[in-house]
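Novice: Pasting in a structure now, in structure tokens, and then I'll have a few things to ask.
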Amino acid sequence: MYPTDLRYYKEHEWVRVEGNLAVVGISDFAQQELGDVVYVDLPKVGSRFAQFTKFGEVESVKTVSDVFLPVAGEIIAVNEKLAASPELVNRDPYGEGWMVRVRLASPSQASQLMTAGEYERMLSEAH
Amino acid sequence: MPIQYEGIIAEHKAVRSAWGIFDVSHMGRIYLSGPGASPLLDYLITADIAGLTQGRARYGMICVESGGILDDVVTLRLHEDLFLLVCNAANRKAVLDWLHRHASAFPAADVVDRTVETVMVAAQGPQAREKVDSLVQGRPSLLKRYTGAETEWDGEDVVITRTGYTGEDGFEIIARSEVGSALWEQLMDLGAAPCGLGARDTLRLEAGFPLHGQDIDITTNPIEAGLARFVKLEGADFIGRAAVLETQRNGPARRLVGFKAGRGPAPRHGFPISFRGATVGSVTSGSFSPSLELNIGMGYVPPEAAGPGARLQISARGKLIEAEVTPAPFYRRPQA
């Protein structure tokens, strides 16, 4: 159900590791809970974040949610398409709805995150 | 009513382009009868209720002595001595208490709360008239806006009004609770999109309608809220009249205005509004507008910041939103 090539954080972000780079977005569960996304507040390219700190916000019609970076690093790219098409987060949360690309400060951090199975278990236990 | 079914934006667009249904059964439905009902309502409501002819409905406000708004309500005269008053769910108890308290001065008035024993479904959108005509006896589409009638649906007595809170054409249907599910199902079978609270809010905001508890409340009076046209300023006495007239005479110190902004973080209730570098007010309602595809909102500002085109800055969690005062409604349905 949840892509097995990704790692997950309890605040519902996913990470796809590509060597010492990573792509980050929010999970299908998160986009469903939020509803129609109308604005994504992304950081500036070049900014750095510690692991598990807030890097932006996702705003839906009804609510605003903080998004947290599951892995420490420097933002090397943000998804510019989300400015005009924030609904990509709902439509394709693991693909076109990606949010930031990160140069990892510590590549081993990703392996500390949940696997798809562990994330799914967390969701079923909570709901 | 849940927040959404399919999704707020999809439901909102369905109402604007086709039709959608809302279960608004939580709203208060109070019947007033007897020769005292008309004068009682006329005394408690800012609009002219005594002058309503049979079958006519009117929007108005129940005010307290200070002119503050206890609730905004729609009143329908069903017969000479029978009225249906529909109020906000959150204010039902306060409205009932208010009615009962003042009914003692109008002994020939009976007040009966029929909220729990009835349901109310709103069918809204350009396709609503054709669909509701096929469902309910007697061609409801002949009802003019803000009129209502008792009629029949499937052998059941119902009240139907040509009213709504979306800015679209539509109806509100009141039936016995026992048949609520069947009514909902039949409307769904006719192709209505089920719509929730989320779409209800984006639709009414686009239409420029205030929400009691957010844009208007017991601390705001009808003049500040831009609702003077629903007040019988030159008519019979009503509770709050003196305070309302005084505000009108002196001019209100603040005014509820609508504003639009671009894309970006939406203005939300409580966000501070600045004008020419100074904080002057705050947002009362705000959201992304699915029809306009930009952000809209309402808030109170001083008169000098209230002119159309006035540039406002709204503080949204540390970010600044540039907004421009816009006369309501934000969205007007295309004329056929």
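Since every read-out is calculated from the coordinates, none of them should be taken as a lab result. The structure displayed is predicted, hence computed values, not measured ones. Please note: Cβ atoms are built from the backbone with ideal geometry, for glycine as well, and neighbour counts cover all protein chains shown.
Novice: Quick check on the protein assembly as shown: of the DSSP beta bridges with both residues there, what percent are antiparallel, nearest 5%?
Specialist: Percent antiparallel among DSSP bridges in the protein assembly as shown is about 95.
Novice: Once both labels are modelled 7 Å past Cα along the beta-carbon direction, what's the residue A:111-residue A:124 spacing in nm?
Specialist: Spacing of the two 7 Å Cα→Cβ label points: 2.7 nm.
Novice: Under unit Cβ charges (Lys, Arg +1; Asp, Glu -1), what dipole magnitude, rounded to 20 debye, does chain A have relative to its Cα centre?
Specialist: 420
Novice: Next up: Tell me, what are the semi-axes, in whole angstrom and largest first, of the equivalent ellipsoid of the stretch B:76-183 as set by the roots of 5 times the Cα gyration tensor eigenvalues? List each step's numbers first, then the result.
Specialist: Values: eigenvalues 143, 42, 40 Å².
Working from the Cα gyration tensor, I get semi-axes of 27, 14, 14 Å.
Novice: Taking square-rooted eigenvalues a ≥ b ≥ c of the alpha carbon gyration tensor, is chain B rounded, prolate or oblate, where a/c under 1.5 means rounded and, failing that, a/b exceeding b/c means prolate?
Specialist: Working: a/c = 2.13, a/b = 1.19, b/c = 1.79.
Oblate, because a/c is 1.5 or more while a/b does not exceed b/c.
Novice: What is chain B's relative contact order, in percent, from Cα pairs under 8 angstrom and six or more apart in sequence?
Specialist: 19
Novice: Here's another thing I want to ask about it. What 222 nm value per residue comes from the helices of chain B, counting each DSSP H run with n ≥ 4 as -39,500 (n - 2.57) and dividing by all residues, nearest 500 deg cm²/dmol? It would help to have the intermediate numbers written out before the result.
Specialist: Numbers: 7 runs with 68 residues, N = 336.
It lands at -6000 deg cm²/dmol.
Novice: Would you be so kind as to identify which of A:27, A:76, A:6 lies farthest towards the positive end of the dipole of chain A, taking Lys and Arg as +1 and Asp and Glu as -1 on Cβ and the Cα centre as origin?
Specialist: Working it through, the farthest residue towards the positive pole turns out to be A:76.
Novice: Still on this structure, I have one more. Stretched out fully, how many nm does the piece from residue A:21 to residue A:103 gain, at 0.36 nm a residue minus the Cα gap?
Specialist: 29.1 nm
Novice: Which loop trypsin sites (Lys or Arg not before Pro) in the stretch B:208-309, with loop taken from DSSP, have no more than 15 other Cβ atoms within 10 angstrom of their Cβ?
Specialist: For trypsin sites (Lys or Arg not before Pro) across the stretch B:208-309 that sit outside H, G, I, E and B with at most 15 neighbouring Cβ atoms in 10 Å, the list reads B:263, B:276.
Novice: Which whole number in µm²/s is D for the protein assembly as shown by Stokes-Einstein, with the Kirkwood Rh taken over Cα pairs at 25 °C and 0.890 mPa s? Don't jump to the answer; show the numbers that get you there.
Specialist: Values: Rh = 24.4 Å.
This corresponds to a translational diffusion coefficient of 100 µm²/s.
Novice: Distance in nm between label sites at residue B:144 and residue B:245, each 7 Å beyond Cα in the beta-carbon direction?
Specialist: For residue B:144 paired with residue B:245, the spin-label model returns 2.9 nm.
Novice: Suppose the chain between residue B:304 and residue B:324 were pulled fully straight at 0.36 nm per residue; how much longer would it get relative to their current alpha carbon spacing? Let's see the in-between values first.
Specialist: Values: separation 20, 0.36 × 20 = 7.20 nm, distance 1.33 nm.
Additional length available on full extension: 5.9 nm.
Novice: Continuing with this model, one more query. Along its three principal axes, how long is the stretch B:173-247 when you only count alpha carbons? Whole Å, largest extent first please.
Specialist: 52, 27, 19
Novice: Now for a separate question. Kindly list the residues of the stretch B:268-297 that lie in the label zone of residue A:84, defined by a backbone N under 20 Å from the point 7 Å along the Cα-to-C-beta vector.
Specialist: Taking a point 7 Å out along Cα→Cβ of residue A:84, the residues of the stretch B:268-297 whose backbone N falls under 20 Å are B:289-295.
Novice: Still on this structure, I have one more. Mind putting a number on the dipole of the protein assembly as shown about its Cα centre? Charges go on the C-beta only, +1 for Lys and Arg and -1 for Asp and Glu, and I need it in Debye to the nearest 20.
Specialist: With only Lys, Arg, Asp and Glu charged at Cβ, the dipole is about 1480 debye.
Novice: Short version: ³J(HN,Hα) in whole Hz for each residue of the stretch B:105-119, in order, from phi by Karplus 6.51 cos²θ - 1.76 cosθ + 1.60 (θ = phi - 60°), x for Gly and Pro, what are they?
Specialist: With coefficients 6.51, -1.76 and 1.60, one gets 7, 10, x, 8, 10, 9, 10, 10, 8, 10, 4, 5, 8, 10, 10 Hz.
Novice: Taking the Cα centre of chain B as origin, sum charge times position over the Cβ atoms of Lys and Arg (+1) and Asp and Glu (-1), and report the length of that vector in debye to the nearest 20.
Specialist: Once rounded to the nearest 20, the dipole reads 1340 debye.
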